[in-house]
Amino acid sequence: MITYEFLQNYWWMLISLLGGLLVFLLFVQGGNSMIFLAGKTEEERQLIVNSTGRKWEFTFTTLVTFGGAFYASFPLFYSTSFSGAYFVWMLILITFVFQAVSYEFQNKAGNILGKNAFRVFLTLNGCLGPLLIGTAVGTFFTGSSFIVNKDAAGSSLQPIISQWTGCCHGLEAVANPFNVEFGLMVMFLTMCLGALYLINNIDDEPLAKSLRGRLGFVFICFLVCLVFVLVHLVTMPGFAVGEDGYVFIEKNKYLHNFLQMPAVLALFLAGAVLLVVGVVLTLFRKGFRRGIWFSAPGTVMVVMAIFMIAGYNNTAYYPSIANLQSSLTLANSCSSEFTLKAMSIVSLIIPFVLAYIVYAWRKMDLRSLTRKELAETDHKY
Amino acid sequence: MLETALIDWSRAQFALTACYHWVFVPLTLGLAIVMAVMETIYVIKKDEFWKNTAKFWMKLFGINFAVGIATGIILEFEFGTNFSNYSWFVGDIFGAPLAIEGIIAFFIEATFVAVMFFGWDKVGKKFHLASTWLTGIGAAISAIWILVANSWMQHPVGMEFNPDTVRHEMVDFWAVALNPVAVSKFFHSWFSGWMTGSIFVIGVSCWYLLKKRQTRFAISSISVASIVGIIGTFAVMLSGDSSGVHVAKYQPMKLAAAEGLEDGGPRSPFSIVPGIEIPGMLSILATHDIDGYVPGINDLLYGYVDSDGVEHPSAEVKIYKGKTALKAFRAYRKLKDTNPQAAEKVREVLDENMDCFGYGYINSPEELVPNVPLIYWSFRIMVGLGSFLLLLMVVVLFFSLKGKIQNMKWLQWIALLSIPLVYLAGQAGWVVAEAGRQPWAIEGLLPVNAAVSSLSVGAVQTTFFIFVAVFTLFLAIELRILFKAIVKGPETTDNE
C-alpha cells in the first residue's frame with residue numbers, strides 16, 4: 001500500500017541518491033583542483049582540463065536536478081534554506097557559473113582574461129564548490145537559525161512564511177566547527193575522487209605518478225576530517241521528532257539512528273570500505289588504475305547513508321535552532337500526496353536515464369585520453 | 001511592512017537573469033536544428049563539405065551553450081533565494097515541472113552534447129547524427145517543461161488551496177502539463193529560437209559573402225537557415241495567434257496594456273502605433289470575432305458587462321473579496337485546532353472568496369495596472385521586427401536559390417545588421433509576457449509583494465550588481481570569442 005508516509009520516505013531516498021550521485025560527480029571539481037597541484041607541464045594541465053571537461057555537464061545537470069527534485073518534493077526546504085542561507089547558496093552558484101564557462105572559453109582566441117584566469121576559476125570552483133556544499137549540508141545536523149510561521153500568509157503587510165534570524169544569511173555556518181569539518185571532508189573526498197578519475201581516464205604515466213602523490217596526501221586529509229566528523233556525529237545531540245510532530249533534542253540521536261537502522265549502518269560501512277579500497281589499491285598496487293570503480297559506488301553509498309540518518313527515523317533533517325518547532329521534517333516540509341505520487345511515476349524513468357548515460361559514456365571512454373589524441377583532435381579545451 | 005525597494009530589487013535581479021538567459025537560449029534552440037539538418041545532409045550525401053559546415057556551426061553553438069547553462073541554473077535557484085514565499089505557496093505545483101525538466105531533458109542534453117563535440121572519431125556516423133539531434137531535442141524538451149511552469153504562472157490550473165498546509169496543491173497533473181497556454185507558449189518560444197538561429201546563420205554567412213570568402217559554405221548555410229527560419233516564423237505566427245486569444249481570455253489586463261486600450265468593448269480597434277488604428281482588428285485577434293468584447297483598462301478596474309451579458313466585477317470588489325478571504329483564512333488558522341465547527345464556517349467564507357484570495361494583498365486598484373508604455377512598445381517591437389525578419393528570410397532564400405545573393409551587397413548588409421534585431425524581438429516578447437503579468441507573480445493568485453523572500457535590500461543589491469558584472473563579462477567574452485571564431489572561419493576552402 002502506497003501511503004503518504006511511504007512517498008515521503010521514498011522521496012527522501014531519491015534525494016539521498018541524488019546527493020550521493022552529486023558528490024560522486026563532484027570528481028569533476030576534485031579533478032580541477034588538481035590542475036595546478038598535479039599538472040606540472042602545460043600538456044598535463046591540458047589533459048586534466050580535457051578529461052574533466054568531457055564530464056562537467058553531468059555534474060552540473062545533477063546539481064540542477066538535485067535542486068529541482070528538492071523543490072518538487074520538499075518545497076519548504078527550498079523556500080527556507082535558499083532564501084535564508086542566501087549568501088552561501090549564491091556563492092555556490094557563482095563558483096559553478098564560472099566553472100560552466102571556463103572550459104569553453106579558456107583556450108579560445110579572444111578570451112580577454114587569458115587561459116590561466118579560467119583555470120584559476122576552475123580550481124577555485126574545484127575547492128570552494130564542494131567545501132561550501134559540504135558546509136551547507138553540515139547544517140542538516142547542527143541546525144540553522146530560522147522561523148517558519150505559516151500563519152504569516154494571512155497578513156497582507158508581511159506575509160512571509162520563512163524568516164531567517166541568523167546574522168549573516170548563512171555565512172554564520174562557518175562559526176560551527178562541525179560544519180567546517182564536514183565541508184573540508186567533502187572537499188578532500190572530491191579531490192580523492194578527482195585524482196582517481198584522472199588516473200583512470202588519462203593514459204599518461206608521468207601525470208599518473210604525480211596524481212598518485214597528491215592522492216596520498218588528500219586521502220590522509222580526508223581520513224582525518226572523516227574521523228572528526230564521525231566522532232562528532234555519533235556524540236552530538238540531534239533533533240528528534242515525536243509522534244505528534246513535536247521536535248525535541250535527543251542525546252546521541254545520530255548514533256541511535258545508525259544503530260536503529262542497521263541497513264543504513266551497513267550501507268555506510270560497505271560504502272566506506274569500498275571508498276577506502278579504491279584509494280588504497282590505487283596507491284599501493286603498481287599500475288592499478290581502476291580505483292574509481294570502487295570509490296565511486298562507495299561514495300554514493302556513504303553519502304546516501306548520511307542523508308538517511310539526517311532525515312529518517314523520526315529526525316528533523318533541517319533543524320531550526322531559533323525555534324525547534326520550526327524545524328523541517330519529512331512530514332511537515334514535503335509536497336502533497338498527489339504531487340509526490342505523480343513525481344514518483346516520473347521517477348521511474350531514472351533507470352532509463354542512467355542506462356543511456358552509461359551507454360554513451362562507455363562509448364566515449366572506451367579508450368583513455370592521451371597526449372596523442374589531444375594533439376590530433378580539433379575540439380579540445 | 002515589506003519594503004518596496006526589496007520587491008523591486010528582487011524583481012530586477014530575476015529579470016536581469018532571465019533577460020541574459022534568453023540572450024543565449026534561443027541561439028541554442030535554433031542553431032541545434034540548423035546544424036542537425038546540415039549533419040543529416042552530410043550523412044545522406046557523404047560529402048565532407050557538409051560535415052565541415054556542420055562542425056563550424058557546432059563550434060559557435062558550443063561557445064554559446066555554456067553561458068546559457070550558467071544563467072539557467074541561477075534562474076532555478078532564484079525562485080528559492082529571492083521568492084521564498086512563492087516557492088512554498090505554489091512549490092507543490094511549480095516544483096514538479098522543474099524536476100521533470102532536470103530528470104528528462106537536461107540529462108539528454110548533457111549526455112549527447114558531449115558525444116556531439118568529442119565523438120566524431122569515437123562513435124559511428126549514425127550514432128553521432130542521433131546525438132546531434134538528441135542535443136537539440138533535449139533542449140526542446142527542456143523548453144517544454146520550463147514553459148509549462150511559466151505558463152502556470154500566467155494561467156494557474158489543476159490546483160486547490162489547502163489552508164491547513166497554506167499552499168496551493170496540485171490535483172490534476174495533466175491540467176498543469178497540458179495547460180493550453182503552455183502548448184502555445186512552448187511552440188511560440190521554441191520556434192522563435194529557430195528564427196534566432198536562422199537569422200544568426202544568415203547574418204554570419206552574409207558577412208563571408210561581403211568578404212568574398214567561403215562562398216559555397218555561406219550560400220549553403222543561408223539556404224538551410226532560410227528554410228528553417230521561414231518554417232519557424234510561420235509557426236511563431238500561428239502560436240502567437242493562439243497566445244493572443246489566451247491572453248485575452250486569461251490575462252485581459254495584459255492585453256489591454258499591450259494595446260494601450262483604456263476603454264474597450266466589441267469591435268475594438270488594433271493600434272499599429274499611437275494614432276493609427278485598424279477598426280475591429282483587436283476583437284478579431286483576441287476573440288476571432290469582430291464583435292468580440294475586449295475590455296480596456298478602465299473596464300477591468302471599474303467593472304463591465306461583456307457582449308454575452310456576463311457581469312465582471314470591479315477591482316475594488318475583487319480586493320474586498322480578497323481581504324475577506326484573508327480574514328477568513330486567519331480565523332480558520334486560529335480556530336482549526338480549538339473549535340472545528342467554527343473553523344468549518346469560516347472555511348466556507350474562505351472558499352466563497354478564494355477566487356480573489358490574491359487580491360487580498362493588493363492595496364489599491366491602480367496597483368493592478370502594469371507599465372502600459374513598456375508593454376505597448378515592447379509588443380510593437382516584437383511584432384514589427386518579427387514581420388520584417390520573415391520578409392528578409394523569404395527574400396534571402398529567393399535570391400540564394402536564384403544564385404544571385406553573392407552579388408547583392410545591400411541584402412548582405414541588411415542580413416548582417418539584422419542579427420541584433422532578432423535578439424531585440426525575443427527580449428521584447430518576454431517583456432510583454434512577464435512585465436505584462438505584473439503585479440502578479442501568479443496571475444490572480446499571488447502578487448509579487450507577497451511572493452518575495454525576507455531579505456535585506458542590501459543583500460539583494462549586492463548579488464544584483466555581482467550578477468550584472470559577471471553576466472556582462474561573460475557576454476563580452478562570448479562575443480569576442482565568437483567574432484574571432486567567425487573571422488577564422490570554417491575548415492572549408494575559400495571557393496567552398
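The values are calculated or read from the model by the stated rules, or taken from the named source; none is laboratory data. Treat the numbers as computed from the prediction; the structure is a model and nothing was measured. When we count neighbours, we look across all protein chains shown, and the Cβ atoms used for this are built from the backbone with ideal geometry, even at glycine. Protein only, heavy atoms only, side chains kept; ligands, DNA and RNA dropped before computing areas. Shrake-Rupley method; radii C 1.70, N 1.55, O 1.52, S 1.80 Å.
Results, tabulated for the structure shown:
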| item | result |
| --- | --- |
| Pair list, Cβ under 7 Å, 6 or more apart: the range B:192-204 residue assigned by TED's automatic domain parsing to the domain that holds B:ILE227, other residue open to solvent by 10 Å² or more (accessible area, probe 1.4 Å) and among the small types (Gly, Ala, Ser) | B:SER192/B:GLY426; B:SER192/B:GLY429; B:THR196/B:GLY426 |
| Check on B:THR338, in a loop (DSSP other than H, G, I, E, B) and either crowded, with 16+ Cβ neighbours inside 10 Å or not assigned by TED's automatic domain parsing to the domain that holds B:GLU443 (or both) | yes |
| Cross-chain or 6+ apart pairs with Cβ under 9 Å, the range A:358-377 first and in a helix (DSSP H, G or I) and hydrophobic (A, V, I, L, M, F, W, C), then surrounded by 10 or more Cβ atoms within 10 Å (Cβ to Cβ) and at pLDDT below 85 | A:LEU374/A:LYS380 |
| Residues satisfying the stated conditions in the range A:82-123, i.e. of a type in the set (S, T, N, Q) and either in contact with a helix residue (DSSP H, G or I) (Cβ under 7 Å, 6 or more places away or on another chain) or within 9 Å of chain B (Cβ to nearest Cβ) (or both) | A:SER83, A:THR95, A:GLN99, A:SER102, A:GLN106, A:ASN107, A:ASN111, A:THR123 |
| Residue count for the range B:469-489, restricted to those that are open to solvent by 60 Å² or more (accessible area, probe 1.4 Å), more than 8 Å from chain A (Cβ to nearest Cβ) and over 27 Å from the mean Cα position of the chain (by Cα) | 1 |
| Filtered residues of the range A:42-70 (kept if in contact (Cβ under 8 Å) with a residue 24 or more places away in the chain, open to solvent by 10 Å² or more (accessible area, probe 1.4 Å) and away from every other protein chain (no Cβ under 14 Å)) | A:GLU43, A:GLU44, A:ARG45, A:GLN46 |
| Unique match (being in a loop (DSSP other than H, G, I, E, B) and open to solvent by 20 Å² or more (accessible area, probe 1.4 Å)) among B:GLN438, B:GLN427 | B:GLN438 |
| Restricting the range B:320-335 to residues that are within 10 Å of another protein chain (Cβ to nearest Cβ) and of a type in the set (A, V, I, L, M), the residue that is most open to solvent (accessible area, probe 1.4 Å) | B:ALA331 |
| Unmet criterion (only one of (1) under 20 Å from A:TYR318 (Cβ atoms); (2) within 23 Å of the chain's Cα centre (by Cα)) for A:CYS127 | (1) |
| Residue under evaluation B:GLU434, criteria (1) among the acidic types (Asp, Glu); (2) over 30 Å from B:SER226 (Cα atoms); (3) assigned by TED's automatic domain parsing to the domain that holds B:LYS212, criterion not met | (2) |
| Only listed residue being within 27 Å of B:LEU482 (Cα to Cα), open to solvent by less than 30 Å² (accessible area, probe 1.4 Å) and within 25 Å of the chain's Cα centre (by Cα), chosen from B:VAL228, B:VAL181 | B:VAL228 |
| So B:ALA459, is it part of a helix (DSSP H, G or I) and either in contact with a Phe, Trp or Tyr (Cβ under 7 Å, 6 or more places away or on another chain) or not assigned by TED's automatic domain parsing to the domain that holds B:SER87 (or both) | yes |
| When residues of the range A:329-351 are limited to those that are within 11 Å of chain B (Cβ to nearest Cβ) and in contact with a strand residue (DSSP E or B) (Cβ under 6 Å, 6 or more places away or on another chain), the one surrounded by the fewest Cβ atoms within 10 Å (Cβ to Cβ) | A:PHE338 |
| Scan of the range B:282-316 for residues that are within 30 Å of A:LYS150 (Cα to Cα) and open to solvent by 70 Å² or more (accessible area, probe 1.4 Å), ordered by number | B:GLU316 |
| In the range A:144-164, residue nearest to the other protein chains (Cβ to nearest Cβ) [restricted to those that are touching a strand residue (DSSP E or B) at 6+ places or on another chain (Cβ under 6 Å) and open to solvent by 40 Å² or more (accessible area, probe 1.4 Å)] | A:GLN163 |
| Test: residue in the range A:95-107 that is more than 25 Å from the chain's Cα centre (by Cα) and either charged (D, E, K, R) or surrounded by fewer than 24 Cβ atoms within 10 Å (Cβ to Cβ) (or both) | yes |
| Some residue of the range B:147-164 being open to solvent by 30 Å² or more (accessible area, probe 1.4 Å) and on the phi > 0 side of the Ramachandran plot | no |
| Criterion (open to solvent by 10 Å² or more (accessible area, probe 1.4 Å) and either at pLDDT 95 or above or farther than 23 Å from A:PHE121 by Cβ (or both)) met by exactly one of A:LEU7, A:LEU25 | A:LEU25 |
| Scan of the range B:341-372 for residues that are more than 14 Å from chain A (Cβ to nearest Cβ) and open to solvent by 80 Å² or more (accessible area, probe 1.4 Å), ordered by number | B:GLN341, B:GLU344, B:LYS345, B:GLU348, B:ASP351, B:GLU352, B:ASP355, B:GLU366, B:ASN371 |
| Unique residue being touching a residue at least 24 places away in the same chain (Cβ under 8 Å) and assigned by TED's automatic domain parsing to the domain that holds B:ALA15 when the list is B:ILE477, B:ILE405, B:ILE466, B:ILE414 | B:ILE405 |
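Conditions tested, residue by residue: (1) of a type in the set (A, V, I, L, M, F, W, C); (2) assigned to a helix (DSSP H, G or I); (3) in contact with a His (Cβ under 7 Å, 6 or more places away or on another chain); (4) crowded, with 23+ Cβ neighbours inside 10 Å.
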{"position": "A:GLY271", "(1), (2), (3), (4)": "no, yes, no, no"}
{"position": "A:VAL280", "(1), (2), (3), (4)": "yes, yes, no, no"}
{"position": "A:LEU283", "(1), (2), (3), (4)": "yes, yes, no, no"}
{"position": "A:GLY287", "(1), (2), (3), (4)": "no, no, no, no"}
{"position": "A:ILE292", "(1), (2), (3), (4)": "yes, yes, no, yes"}
{"position": "A:PRO297", "(1), (2), (3), (4)": "no, yes, no, no"}
{"position": "A:VAL303", "(1), (2), (3), (4)": "yes, yes, no, yes"}
{"position": "A:ALA310", "(1), (2), (3), (4)": "yes, yes, no, yes"}
{"position": "A:ASN313", "(1), (2), (3), (4)": "no, no, no, no"}
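One line per residue, one yes/no per condition, for (1) over 30 Å from B:ALA450 (Cα atoms); (2) facing chain A (nearest Cβ under 9 Å):
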residue	(1), (2)
B:ILE44	yes, no
B:ASN52	yes, no
B:PHE89	no, yes
B:ALA99	no, yes
B:PHE107	yes, yes
B:ALA110	yes, yes
B:VAL113	yes, yes
B:TRP120	yes, yes
B:LYS125	yes, no
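To keep it simple, each residue is scored yes or no on (1) free of Cβ contacts under 8 Å to residues at least 24 places away in the same chain; (2) more than 25 Å from A:LEU369 (Cα to Cα).
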{"site": "A:ASN116", "(1), (2)": "yes, no"}
{"site": "A:ASN149", "(1), (2)": "no, yes"}
{"site": "A:SER156", "(1), (2)": "yes, yes"}
{"site": "A:ILE161", "(1), (2)": "no, yes"}
{"site": "A:HIS169", "(1), (2)": "no, yes"}
{"site": "A:VAL180", "(1), (2)": "no, yes"}
{"site": "A:LEU196", "(1), (2)": "no, no"}
